[in-house]
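The values are calculated or read from the model by the stated rules, or taken from the named source; none is laboratory data. From a predicted model like this one, the values you see are computed outputs, not experimental measurements. All Cβ positions, even for glycine, are placed from backbone atoms using ideal geometry, and neighbour counts span all protein chains on display.
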Amino acid sequence: MSLFSPVLSTQDDSNAHRPSWRDCEAWKRMASLALEGSFPHSCALVTAEDFHTEIALGIAKMLLCNNGRGGDGCPVCASWSGGQHPDLVVGGAPSQPPSIDTCREIINTTAYRPVVSPKRVVVLFAADRMMLPAANSLLKLAEEPPEYVHILFMLSDEKLFLPTLRSRSWTVSLPLHRQEERYSPPRTDEEWVRWIEKYAKAEVDELIMLFTPWISFEIERKAYERAAKLERLRLLIQTKRLSRTMVLDLIVLALKEGIVFEHSFGDFW
């Protein structure tokens, strides 16, 4: 299994609903350190899980960039393809911590120098949920990483992060809210048409990320059955190996057309 990430996907920086964490002091401090070339080699980032992918991508772009800015057209930035880069190494996925075998493979990978960038970035998702053997295997890498390696531990709950890893990392907490965080799934035919147009080319992970604010919206309006349905659909999508198009179709069939997806899944695919 390749460690060069299919998990991370590009974000549209021109989106009017720009995540509020980009305007906070912690993010500005990280951007400044990346620009100066003094970003810590081991960093633990604490924020809501639905932000992990876009935050990791934003930091990786800055750290790998020749000029510390990210997206400035330098040869390193030109090597990005979607959310993948030759010098980006990813372990796990949002809500899915890396296994000990993945951690060992990452350790072996970091022994090799970068391909196009002066640096190599390692992103470890759900690092606060790693099994103890997996977490322990990373202690030496976190304490004495190669000079060209930066490690990003993505956390939802800092208290669950292995203390010996936490003591070796610079911990940064980012705000948990964005302007559009609480919003409803599409309701009308017009809203569904606009939604399908907007997300027609979205990757599976981006579609899964939509469920967190949808579920929060339904819980706030005490629509618990609908919130539970959304959670069941989210879990189904996470556990099945579906293509982007299949996930999009399933969401529309389940939420717009009202199919009983738990029982009908096998009939469609």
Counting just the residues of region 1-46 that are modelled with pLDDT under 90 and hydroxyl-bearing (Ser, Thr, Tyr), which one comes out nearest to the chain's Cα centre (by Cα)?
9
Of the residues that make up region 117-130, is at least one at pLDDT below 95, loosely packed, with under 15 Cβ neighbours inside 10 Å and outside any strand (DSSP E or B)?
no
Tell me yes or no: at least one residue of region 46-64 is surrounded by fewer than 17 Cβ atoms within 10 Å (Cβ to Cβ), within 28 Å of residue 209 (Cα to Cα), basic (Lys, Arg) and out of contact with any Pro (no Cβ under 8 Å at 6 or more places or on another chain).
no
Residue by residue through region 222-239, note down the ones that are surrounded by 13 or more Cβ atoms within 10 Å (Cβ to Cβ) and not in a helix (DSSP H, G or I).
223
Which condition from (1) surrounded by 15 or more Cβ atoms within 10 Å (Cβ to Cβ); (2) part of a helix (DSSP H, G or I) is the one that residue 78 breaks?
(1)
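A quick yes/no check of all residues on (1) in contact with a His (Cβ under 7 Å, 6 or more places away or on another chain); (2) of a type outside the set (Val, Ile, Thr); (3) farther than 15 Å from residue 42 by Cα; (4) outside the structural domain of residue 34 (by TED's automatic domain parsing):
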residue	(1), (2), (3), (4)
85	no, yes, yes, no
90	no, no, no, no
94	yes, yes, yes, no
104	no, yes, yes, no
113	no, yes, yes, no
117	no, yes, yes, no
128	no, yes, no, no
141	no, yes, no, no
150	yes, yes, no, no
Tabulated pairs, region 221-247, first modelled with pLDDT of 90 or more and hydrophobic (A, V, I, L, M, F, W, C), second outside any helix (DSSP H, G or I) and crowded, with 18+ Cβ neighbours inside 10 Å, C-beta under 8 angstrom, 6+ apart or interchain
230/185
Residues of region 82-102 classified as part of a loop (DSSP other than H, G, I, E, B), in contact with a strand residue (DSSP E or B) (Cβ under 7 Å, 6 or more places away or on another chain) and closer than 16 Å to residue 119 by Cβ, total
1
